[in-house]
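Chemist: This is the structure I have questions about; it appears just below.
The values are calculated or read from the model by the stated rules, or taken from the named source; none is laboratory data. Just so it is clear, the structure is predicted and the values come from calculations on it, not from any experiment. Backbone-built Cβ (ideal geometry, glycine too); neighbour counts: all protein chains shown. The protein model used for the area step is the full one, side chains on, heavy atoms only, and it has no ligands, DNA or RNA in it. Shrake-Rupley method; radii C 1.70, N 1.55, O 1.52, S 1.80 Å.
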Amino acid sequence: MVKCSLIRALMVVAGLVGIAAFTTPANARVEININKGNIQPLPIAVTDFLQGDMGAQVSQVIAADLQRSGLFAPINKSAFIEKIANPDAAPRFEDWKVINAQALVTGRVTQEADGRLRAEFRLWDTFAGQQMTGQQFYTQPENWRRVAHIIADAIYKQITGEKGYFDTRVVFVSESGTKQQRKRQLSIMDQDGFNVRMLTDGSDLVLTPRFSPSRQEVTYMSFEGQQPRVYLLQLETGQREVVGNFPGMTFSPRFSPDGQKVIMSLQQDGNSNIYTMDLRSRTTTRLTSTAAIDTSPSYSPDGARVSFESDRGGKPQIYVMNADGSGQTRISFGDGSYSTPVWSPRGDLIAFTKQAGGKFSIGVMKPDGSGERILTSGFHNEGPTWAPNGRVLMFFRQNAGAGGPQLYSIDLTGYNEQLIKTPTFASDPAWSPLLE
């Protein structure tokens, strides 16, 4: 966990040798149009940052982030012709064009007299022969991986025109032990699977963790004392509180876009309905009232609408309603059943789990139900969560005969699927907003 004081200590300083050297030239032409369908990854050279092992480690994390996005193809370092000796000087662009490096990243990592690390980078357009951007960062040595993620985000934004998603974390349920005695702990990690920490001790079952969109806070369900309750956990302080005690089961708590409310499903008398709770006043408001099971609510990013799952038509389907509960409309009509709808941070798509033909699939559709696309299918895929830029999904998968679930990511093309390695089995991922 990055403490609040460490977050504030991470300073971004634009300009190393003058502002002019760090602005984007008007004729720089390296870019990726990520609104196209299947995108050809951009060849990019990420050199080892000077000085020493720390510089090489930072550049390795940057290259790994960019490669996992599916938009960049880092060139093998064995192909490099020029050895960068001074990252402040312009490189020999012809040497990089020969190996088809359309973009080049150079930099250094040094330690200040006060013990802080200073990480500097420059992004070059090799074919235009000009610098695109450059920045430097100061932080404590233990935060070196986070600096690498921030640099990767800066490169991603400069070339694609949209925010990256690398300086983020994922909360999930860590699963260990046998199937008969499975231990489930609330856990957190960097988005690439590193820096895993357990947030609960595993003595009580935990389910459906969700990140606040506005601060480093998590809501989740726990069976502490054999009583199902929804909890709020402040990640920076470790402070935990009960959202409320309800007479029935509580499912799928999720924050409103402003972080001031929690929306959830409460079970009573064999059916469940959607409720909201104001986190300041602790007042609840009922949004649905049916004899069916309404669950898995998710707000649109503007807070005006809610998607949810309901079996009121006989089997689980996806519905959309206004934030006050009015205008409840079914939007899924394909074969099989639909569950776990999650609204994209961009507002343009709703991700879902679909069960049909003996398979579980992860897909997306527009908020009116049109444009349904399946991104991946398998024995058991479930629980999609969006990266904060709305371009990548994470979910959990259990393969036939496997001992437990694992986490995967996939982008909206459906071609770039990645295993996220964790020390134990893992399920129920929830992506954080970009860290501040």
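Chemist: Among the strands (runs of 3 or more DSSP E) lying completely within region 325-370, list those that include at least 1 residues that are of a type in the set (D, E, K, R) and within 19 Å of Gly383 (Cα to Cα).
Modeler: Qualifying strands (runs of 3 or more DSSP E): 350-356, 359-365.
Chemist: Hey, can you tell me all the residues within region 195-215 that are aliphatic (A, V, I, L, M) and either more than 21 Å from the chain's Cα centre (by Cα) or open to solvent by 30 Å² or more (accessible area, probe 1.4 Å) (or both)?
Modeler: Scanning region 195-215 gives Val196, Met198, Leu199, Leu205, Leu207.
Chemist: Check off (1) surrounded by fewer than 21 Cβ atoms within 10 Å (Cβ to Cβ); (2) touching a Pro at 6+ places or on another chain (Cβ under 9 Å); (3) polar (S, T, N, Q) for Gln406 and give me the number that stays unchecked.
Modeler: The failed condition is (2).
Chemist: Within region 281-309, can you find the residues that are assigned to a strand (DSSP E or B), under 26 Å from the mean Cα position of the chain (by Cα) and either in contact (Cβ under 8 Å) with a residue 60 or more places away in the chain or farther than 28 Å from Asp348 by Cβ (or both)?
Modeler: Correct list: Arg305, Ser307.
Chemist: Still on this structure, I have one more. In region 69-96, which residues are part of a helix (DSSP H, G or I) and either in contact with a Gly (Cβ under 6 Å, 6 or more places away or on another chain) or surrounded by fewer than 15 Cβ atoms within 10 Å (Cβ to Cβ) (or both)?
Modeler: Lys77, Ser78, Ala79, Phe93, Glu94
Chemist: Taking the options Asp311, Asp368, Asp294, name whichever one is out of contact with any strand residue (DSSP E or B) (no Cβ under 6 Å at 6 or more places or on another chain) and charged (D, E, K, R).
Modeler: Being out of contact with any strand residue (DSSP E or B) (no Cβ under 6 Å at 6 or more places or on another chain) and charged (D, E, K, R) holds for just one of Asp311, Asp368, Asp294, which is Asp368.
Chemist: Just to be sure I understand, how many residues within region 408-436 are in a strand (DSSP E or B) and more than 24 Å from Asp348 (Cβ to Cβ)?
Modeler: The total comes to 6.
Chemist: Something else now. For region 335-388, enumerate the residues that are polar (S, T, N, Q) and within 15 Å of Pro316 (Cβ to Cβ).
Modeler: Hits for region 335-388 are Ser337, Ser339, Thr340, Thr353, Gln355, Ser361.
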